[in-house]
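The block underneath contains the structure these notes are about, expressed in structure tokens.
The values are calculated or read from the model by the stated rules, or taken from the named source; none is laboratory data. These numbers come from a predicted model, not from an experiment. Note that each Cβ is placed from the backbone with ideal geometry, even for glycine, and that neighbours are counted across all protein chains shown.
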Amino acid sequence: MPGYRQQTMEWDIKTQLMYGCKIVALDGQGDLIWGHLTARDPEQPDRLFMKPAAMGLEEIAVEDLIQIDLSGQKVGGERQVHNEVFIHTEIMRRRPEVQCVVHTHAPWAVAFGSLEQPLVPVGHEGSLFADGLPVFSQFTDLVVTPERGEAVASALGAHNAILLRNHGLVTCGTSIPEAVMTAVFLEKACRVQMMAMAAGGPKAWTPPEEAQVKKQRIYRPWAFESAFRYLVRRIEEMESGRARS
Ligand SMILES: [Zn+2]
């Protein structure tokens, strides 16, 4: 069936990472200059490309990206490193299959993470987190040391998403589309559950066995890529409209 297979991204890793930054911004996860994404360099797996500090997610261009090593030191690029770089380095160190890590201060995820309520699959996207959504609560301060990064990576374990209580979210994946779209789906799952809670609380949600089926059926690699490409088209349309006006 056309489209029902893994697509091959025509964009190089840095271009995909730039689009990833713009997608999480389009999703409302930007917090002024805060929030960051990394992607593993396919040529040197112990080097990561990273969004620099002091810039908004939506304004990133390929030439703004910096390169860091797994100790968090900058090894390439002009701009500044985020001091929470250790979220990325410690997850990448523990999980060699991970190609991309996303950290944002997504507002619905921050609000939901404060409720001490388990996430339930109210809509489809909740099923993506059917294996559990860890909440990191050892501290709410910034992740500014390798030890703190390791604590977050350890709480994440084998999952692809975690809420940092009173702080934000972290997602990862074996591709940039998977990590980025997991952040988008997590923010939506939190938002939809809070909408149901505001209307008296959800009375019904997808049962666990069906959530597993939906997770496999809906959230496949081609779907992450197709949704990522769709959002890139929307961004390009918006940016070309802005350039015309
Ligand atoms: Zn943060």
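Out of Lys203, Lys215, one residue alone is assigned to a loop (DSSP other than H, G, I, E, B) and among the charged types (D, E, K, R). It is Lys203.
Restricting the search to the range 20-35, which residues are surrounded by fewer than 24 Cβ atoms within 10 Å (Cβ to Cβ) and closer than 20 Å to Phe86 by Cα? Correct list: Gly30, Asp31, Ile33, Trp34. Scan the range 222-238 for residues that are of a type outside the set (Gly, Ala, Ser), surrounded by 12 or more Cβ atoms within 10 Å (Cβ to Cβ) and over 16 Å from Ala183 (Cβ atoms) and the total you get is 5. Considering (1) within 21 Å of Gly157 (Cβ to Cβ); (2) of a type in the set (Gly, Ala, Ser); (3) more than 14 Å from the ligand (Cβ to nearest atom), the lone condition that Gly72 does not fulfil carries the number (1).
Out of curiosity, is Met197 assigned to a helix (DSSP H, G or I) and over 26 Å from Pro221 (Cβ atoms)? Spelling it out, Met197 is indeed assigned to a helix (DSSP H, G or I) and over 26 Å from Pro221 (Cβ atoms). The sole residue among Leu128, Leu119 that is outside any helix (DSSP H, G or I) and under 21 Å from Thr182 (Cα atoms) is Leu119.
One line per residue, one yes/no per condition, for (1) within 16 Å of the ligand (Cβ to nearest atom); (2) within 18 Å of the chain's Cα centre (by Cα):
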position	(1), (2)
Pro96	no, yes
His103	yes, yes
Ala109	yes, yes
Ser114	yes, no
Pro121	no, no
Gly132	no, yes
Phe136	yes, yes
Thr140	yes, no
Val144	yes, no
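Summed over the range 27-51, residues that are touching a strand residue (DSSP E or B) at 6+ places or on another chain (Cβ under 6 Å) and within 15 Å of the ligand (Cβ to nearest atom) total 7. Here Gly3 meets each of (1) modelled with pLDDT of 95 or more; (2) among the small types (Gly, Ala, Ser); (3) in contact with a Phe, Trp or Tyr (Cβ under 9 Å, 6 or more places away or on another chain) with one exception, condition (1). Pairing each residue of the range 122-151 that is closer than 14 Å to Phe185 by Cβ with any residue that is β-branched (Val, Ile, Thr) and within 14 Å of the ligand (Cβ to nearest atom), provided the two are 6+ apart or on different chains, yields C-beta distances under 8 Å for Leu133/Ile162.
Against the test of being under 24 Å from Leu231 (Cβ atoms), acidic (Asp, Glu) and within 17 Å of the chain's Cα centre (by Cα), the options Asp64, Asp41, Asp27, Asp12 yield a single qualifying residue, Asp27.
Remark: pairs (first residue in the range 156-173, within 11 Å of Val135 (Cα to Cα); second residue more than 15 Å from the ligand (Cβ to nearest atom) and among the basic types (Lys, Arg); Cβ separation under 9 Å; 6+ apart in sequence or on different chains) = Leu156/Arg94; Leu156/Arg95. Would you be able to say whether some residue in the range 5-14 is under 19 Å from Glu84 (Cα atoms) and in contact (Cβ under 8 Å) with a residue 40 or more places away in the chain? No, the range 5-14 contains no residue that is under 19 Å from Glu84 (Cα atoms) and in contact (Cβ under 8 Å) with a residue 40 or more places away in the chain.
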